[in-house]
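In what follows, a structure is listed as structure tokens, so that the remarks can point back to it.
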Amino acid sequence: MTTLAVDIGGTKIAAAVCDENDNIIQRWRVPTPMDADAINQHIAEAYREAVAAGHTDIQAIGISAAGNVSADRKTLTFSANIPAWIDYNLSEHVGALIDHAVPVIVENDANCAGWGEYVHGAGQGSRNMVALTVGTGLGGAIVINGELYRGSFGMAAEIGHLPMVPDGDHCGCGLRGCAERYTSGTSLENFAKSAVRRRPQDAKRLLELCGGDVTKLEGPMVSQAAQEGDELGLYAFGKIGEWLGRTMAAVSAVLDPDLFVIGGGVVAVGDILLEPARYNYARFLEGSAYRGHAKIVAATAGQDAGLIGAANLALR
């Protein structure tokens, strides 16, 4: 028994055939087109190629998509990446191209990555877990009593859009002061650029890395500087770590999880991010001195977490 998992990212579509234990046994990758019909064709072609390669026992297609997915696990209500994905039944469109040979299940990409961590990564053994993906924005996934929590309308775990700062920075969602405006790869760059402009006398290393043009300062440069012990690089990570801790404390006031799993490219620096996050989680946690604290750990399932999660969820 196998599953075809598909992860539709901003730059690439990754597809993989997974066995009954979610192990990847064959994979494909193509650039992501911005045209919805072309995306559908790529997914259908991956299915046909998988069958032609001998994987005739595929039971379902699980799609991880960057967008808001309705509770029917078929329809994208909105996506910032693909303009056509507004009330768009991705399951039906892909299913029609393969003559509805197998069910097509659509899940939010952060939910897939979080579930991948829960079943095969750092979340194993947890009862109530919250996964946070610190990338361009701040994604989330919630597991309660061993089950992925989607909410009544499929919109649960949009943790990046918790309103953290009244009348704060404008967010791409249309609101202001959302958590991801202060905890993300984008905010890391913004904090670092602001620090360079305020303290150019301390910015030698960051300016070297960006060729003297602060507008070209990018997250990986800040990560490199921080890992070298650069003061401003560490400051920028301290700031997003602070807001990550505040966000986790706010989530704990509602959900009281036993574990937070932190993923995304930014977490590659390890404790440079996680230590200020842990400190500020405890600092802003309600009744902090009189209650249990959730563990805060780095994700371990790697870049395939979304594919693994999509495969596993498609069969549940």
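Considering only DSSP beta bridges whose two residues both sit in the chain, what percent are antiparallel, to the nearest 5?
The antiparallel fraction comes to roughly 55 percent.
Could you list, in their original order, any pairs among Lys12/Lys74; Lys216/Lys239; Lys74/Lys295 whose Cα atoms are separated by more than 32 Å?
Too far apart for the 32 Å limit: Lys74/Lys295.
Which FRET efficiency value, to the nearest 0.05, do you get for Arg197 and Phe153 by plugging their Cβ-Cβ distance into 1/(1 + (r/R0)^6) with R0 = 41 Å?
0.45
When DSSP beta bridges are limited to those with both residues in segment 33-179, what percentage is antiparallel, rounded to the nearest 5?
Looking only at bridges with both residues in segment 33-179, the antiparallel portion is about 75 percent.
Suppose R0 equals 30 Å; then what is the FRET efficiency for Lys295 and Lys12 from their Cβ-Cβ distance, rounded to the nearest 0.05?
Efficiency, from the Cβ-Cβ distance: 0.40.
Go through segment 279-285 residue by residue and turn each phi into a ³J(HN,Hα) via Karplus (6.51, -1.76, 1.60, θ = phi - 60°); whole Hz please, and just put x for glycine and proline.
Going residue by residue, I get 4, 6, 4, 5, 5, 9, 6 Hz, with x marking Gly and Pro.
Modelled label-to-label distance, Gln26 and Ser288, 7 Å Cα→beta-carbon offset: nm?
In this crude spin-label approximation the distance works out to 5.3 nm.
I'd like the Karplus ³J(HN,Hα) series for segment 120-127: coefficients 6.51, -1.76, 1.60, θ = phi - 60°, whole numbers in Hz, and an x wherever there's a Gly or Pro.
These are the phi-based 3J(HN,Hα) values: 9, x, 5, x, 4, x, 7, 9 Hz.
Would you pull out the residues with amide H under 5 Å of Ile63's amide H, same chain only if 5 or more places away, H placed 1.01 Å from N?
Distant-sequence amide H within range of Ile63: Val6, Ile105, Val106, Glu107.
Which value, in debye to the nearest 20, describes the size of the charge dipole of the chain about its Cα centre when Lys and Arg Cβ atoms bear +1, Asp and Glu Cβ atoms bear -1, and nothing else is charged?
Taking the Cα centre of the chain as origin, the dipole is about 840 debye.
Hey, how many Å between the Cα centroid of segment 8-31 and the Cα centroid of segment 138-179?
Cα centroid to Cα centroid, the span is 27 Å.
Can you tell me the FRET efficiency between Ile86 and Arg316 if r is taken as the Cβ-Cβ distance and R0 is 25 Å, rounded to the nearest 0.05?
According to the calculation, E is roughly 0.40.
Just grab the label-to-label distance for Asp57 and Thr215, each label 7 Å out from Cα along the Cβ direction, in nm (one decimal).
Output for this residue pair reads 5.8 nm.
Which length gain, in nm to one decimal place, applies between Asn128 and Glu45 when the Cα-Cα distance is subtracted from 0.36 nm times their residue separation?
So the extension gain works out to 26.1 nm.
Among [x] 1.00; [y] 0.97; [z] 1.02, find the value of Rg/Rh (Cα atoms, Kirkwood Rh) that was calculated from the structure presented, and write down its label.
[x]
Share of segment 196-316's accessible area from carbon and sulfur, percent, 1.4 Å?
The C+S portion of the solvent-accessible surface of segment 196-316 is 51 percent.
Distance in nm between label sites at Ala101 and Phe78, each 7 Å beyond Cα in the beta-carbon direction?
Label-label distance for Ala101 and Phe78, simple model: 3.6 nm.
So who's got an amide H within less than 5 Å of the one on Thr300, skipping anything under 5 residues away but keeping other chains? H placed 1.01 Å off N, in plane.
Close amide H contacts, sequence-distant or interchain: Ala122.
The values are calculated or read from the model by the stated rules, or taken from the named source; none is laboratory data. Since we're looking at a predicted model, the values are computed, not measured. Because the Cβ atoms are built from the backbone with ideal geometry, glycine has one as well, and the counts that use them run over all protein chains shown. We work out accessible area using only protein heavy atoms, side chains counted, and drop any ligands, DNA or RNA first. Shrake-Rupley method; radii C 1.70, N 1.55, O 1.52, S 1.80 Å.
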